[in-house]
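So the structure is just underneath, and the comments pick up after that.
All of the numbers you see were taken from the coordinates with simple rules; none came from a lab. Fair warning: this is a prediction, and the values are worked out from it, not measured in the lab. For neighbour counting, all protein chains shown are included, and Cβ atoms are generated from backbone atoms with ideal geometry for every residue, glycine included.
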Amino acid sequence: MTTVEDELEVQVLKVGERSVLRFAEYAFSFFDSAFARSPDGFSFRLADDSFEVRGHNPDFFNVIRNGLAWEPAGDAASPCRILLTDRTNPLLPIAPELRSPYFRERHVERSLSGTRYRMHLFPDIGFWQFHDLEKDRAIQFSETPAGFPAWEPGSPLRNFLSWHFSRSGRRLIHAGTLGENGVGILLAGSGGSGKSGTVLSGLCGGLESVGDDYVLASSDDVIRAYPLFSAIKQDPAGLKRVGLEETPAASGPLNWQGKHLIPLAGLHQPQMRKSIEIRAMCLPKITGGERTVIRPTDAKQAFLALTPSVVTQVPGDRDQNFAFCGTVSRRLPAFAIDLGRDPEEVSAAITTFIRSLA
Amino acid sequence: MTHDIADEVLVTVNEDIVFEEFDGDLVVLNLMTGRYFGLNEPARIIWSAISSGYGTAAIAQASGSNGGVVDEFFRRLRDLELLTADASLVPRPSDDILVGMLGNVTAAPTVDAYDDLADLIAADPIHDTEEEAGWPHIKPAARD
C-alpha cells in the first residue's frame, strides 16, 4: 500500500524576505487537498471557536491536547484548519528553506500586513508558520515531528491562535488572571514580577483563574479574559511556598524555563471558567513586605506593564496588539500590588479587593 | 523672540512608529527597533500639531518664548528616528487652532527613552539585537 509520503516528492524552495508572499500563496494552493487526505486529526473548541488540526504527528497532537484549555468539538461548519507537516512526513509537495543567513522579521511583517497572510519563522530549527486570514487556515512546517520550539508545549499553536482570534477582534495578552464568581482582575508585569506566584496563591486561596501567562481578551461592552492554555507555570521554590511541593505535578519534568507545568483545571478549581469579566488591571511587585498593599496607579503604568511582552513575543500585527493593549489599559482602573511574603495573606488581600470590584 | 528654523513638515518615519495616549502623555513605540519613548503633555500637544500638518516654523512661533526649546525638541525627535521631514508636503500655516493648542503650554516638551523596558522584553533592543536580522531577533549570547 502506498502512503501519502511515498507519493510525494518534496521540492525544497529557497524563501527570502521578498519571496515569502509568493511561497505562502503557492503553499496554500495545495492546502485543501493535503488537509483532506491527512491521516490523523484532532478537532476541538477553544474560547468558543472551533479548530481542526491534521497531520501525521502524534507527538505534537499530544502537545496540543496537554497544553490547550480545549473542549470537545461540536458540529462546526467552518473551523480554523491547521495542517502540520514536516520533512520526514511531508503532506505538501513543497517545503521552505531560508534563502539568506538571517531573516528580518519586522520587514517581512510589514510586507505582509496588507495581505491576507501572516507568518513566523524560528530560523534556528527551520520552524515556519503561515496563516491565511481570509480562509482561516494555517500551515506549520518543521524539520522533524519534534522540531518545534521549547516553549511550544506550554503554549501550543500560540501564533495561529493569535492570528485566528484577531479576525474577530479578540487578542492575546500577556497577563495572569484571578477572579471570583466570574469577575476578576488581570495581573500584568514582566517576568519575575510575581504574576504566576500570585495566581497560584489565589488559586490555593479559593479564587479562580483562566491563565497565568497568555490569555485571550475581548474588549466589547466589558473586558473579558478567556482561557487558552491549560497549565500554570511555576518553579519548584514557588510550589513549595504554597505547599504544593508534594503534588504529582511537582515531581514532573521542568520546562525550558526550569518550571513545572501544573494543570489549571483541578488546581483548587473543579474546572476552568469559560471566561472572567475583568474589572481592574493590577501590577504585582514582589516586595517581601509584611502585608500586601494595593494602591491606585495610572493607565500609562498599566500599559507599560502589559504591552512590551506581547508586542515582542507575538508576531504579526504588532501595531494592532499595541493599540489593543492601549484600549484595555485605558478602560480598566489600574492598581499596583505590593505583594506581601505570605501567600495566604496575598490571596486574602486580593480576594477582598476583587469583592470590592463586584 | 523669533527663531530661524527651517519650515518643514515632519512626519513619522514610517508605519513602524505607533503611539497611544494616556492622560495627556504619549507612549511611542518604534516597531522596527523595539524602543519605547514617553512624551509629556506639552510634547504630546506638539506631536498632535505635527500630525495635523503644521510646519515646524509655525509651531515654534506659536510656542512663543518656548520656540527655541521646541526647535530642540524637533531635533531630538529626528535624532531618535521617530520623525523625519517630508519635503513633498507644504507646511500648514499658523492659525487660531494652532495658537489655541499651544497657547497654554508653558512647560518644556520632553521625550524620554524607556530603556528600562529592556528588562521587560525578551531582549535589550539596543544591545542584544542581531545586527542583520534586527529586532526582535536576539544574538545567541544574549539569549543564553
### Query
At what distance in angstrom do the alpha carbon centres of the stretch A:139-173 and the stretch A:233-286 lie from each other?
21 Å
### Message
Could you tell me how far the Cα centroid of the stretch A:308-358 sits from the Cα centroid of the stretch B:5-66, in Å?
### Response
28 Å
### Inter-label distance for residue A:287 and residue B:52, nm, one decimal - labels placed 7 Å from Cα along Cα-to-Cβ
4.2 nm
### Query
In the protein assembly as shown, with Lys and Arg counted as +1 and Asp and Glu as -1 at Cβ, which of these residues, B:64, A:89, A:24, has the Cα nearest the positive end of the dipole, that is, farthest along it?
A:89
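Counting pairs of alpha carbon atoms under 8 Å apart in space and at least six apart in sequence, what relative contact order in percent does chain A give?
Values: 728 pairs, mean separation 55.9, N = 358.
Averaging sequence separation for qualifying contacts and normalising by length gives 16 percent for chain A.
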### Query
Under the rule of -39500 (n - 2.57) per DSSP H run of 4 or more residues, summed and divided by the residues of chain A, what mean residue ellipticity at 222 nm is obtained, to the nearest 500 deg cm²/dmol?
-9000 deg cm²/dmol
### Task
Would you mind telling me the antiparallel percentage of the DSSP bridges in chain A, rounded to 5?
65 percent
### Task
Within the set of other residues whose C-beta is less than 11 Å from the C-beta of residue A:129, count the net charge using Lys and Arg as +1 and Asp and Glu as -1.
+1
### Summary
Using alpha-carbon positions, the gyration tensor of the stretch A:149-264 gives root eigenvalues a ≥ b ≥ c; with a/c under 1.5 called rounded, otherwise prolate if a/b exceeds b/c, else oblate, the class is oblate
### Message
Among DSSP bridges having both ends in the stretch A:46-131, what percentage is antiparallel? Round to the nearest 5.
### Response
60 percent
#### Entry: Computed magnitude of the charge dipole of the protein assembly as shown (debye, nearest 20; Cβ of K, R +1, Cβ of D, E -1)
860 debye
### Summary
Given the candidates A:173, A:244, A:80, the one whose Cα lies deepest towards the positive end of the charge dipole of chain A, counting +1 at each Lys or Arg C-beta and -1 at each Asp or Glu C-beta, is A:173
### Task
Give, rounded to the nearest 20 debye, the magnitude of the charge dipole that the stretch A:175-236 has about its Cα centre when Lys and Arg contribute +1 at Cβ and Asp and Glu contribute -1 at Cβ.
120 debye
### Query
How would you classify the protein assembly as shown from its alpha-carbon gyration tensor, with a ≥ b ≥ c the square roots of the eigenvalues: rounded for a/c under 1.5, else prolate if a/b is greater than b/c, otherwise oblate?
oblate
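Does the stretch B:1-121 come out rounded, prolate or oblate by the C-alpha gyration tensor, with a ≥ b ≥ c the root eigenvalues, rounded set by a/c under 1.5 and, if not, prolate when a/b is larger than b/c and oblate if not?
Numbers: a/c = 1.98, a/b = 1.52, b/c = 1.30.
Prolate shape, in that a/c is at least 1.5 and a/b is the bigger ratio.
What average count of beta carbons from other chains do you get within 10 Å of the Cβ of residues in B:13-20?
Working: counts 0, 1, 3, 6, 1, 8, 3, 12.
So the per-residue partner count for this stretch is 4.
About the Cα centre of the stretch A:267-357, how large is the charge dipole given +1 on each Lys and Arg Cβ and -1 on each Asp and Glu Cβ? Please answer in debye to the nearest 20. Let's see the in-between values first.
On the way: 12 positive and 9 negative charges, 51 e Å.
For this selection, approximately 240 debye.
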### Query
In degrees from 0 to 90, rounded to the nearest 10, what is the angle of the helix A:318-331 Cα long axis to the longest principal axis of chain A?
20 degrees
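Sorted by mean Cβ packing within 10 Å, highest first, what order do the peptides B:94-100, A:147-153 take? Numbers along the way, then the final one.
On the way: B:94-100: 13.6, A:147-153: 17.0.
Packing order, densest peptide first, comes out as A:147-153, B:94-100.
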### Message
Name the residue from B:47, A:358, A:112 whose Cα lies farthest towards the positive end of the charge dipole of the protein assembly as shown, charges +1 on Cβ of Lys and Arg and -1 on Cβ of Asp and Glu.
### Response
A:358
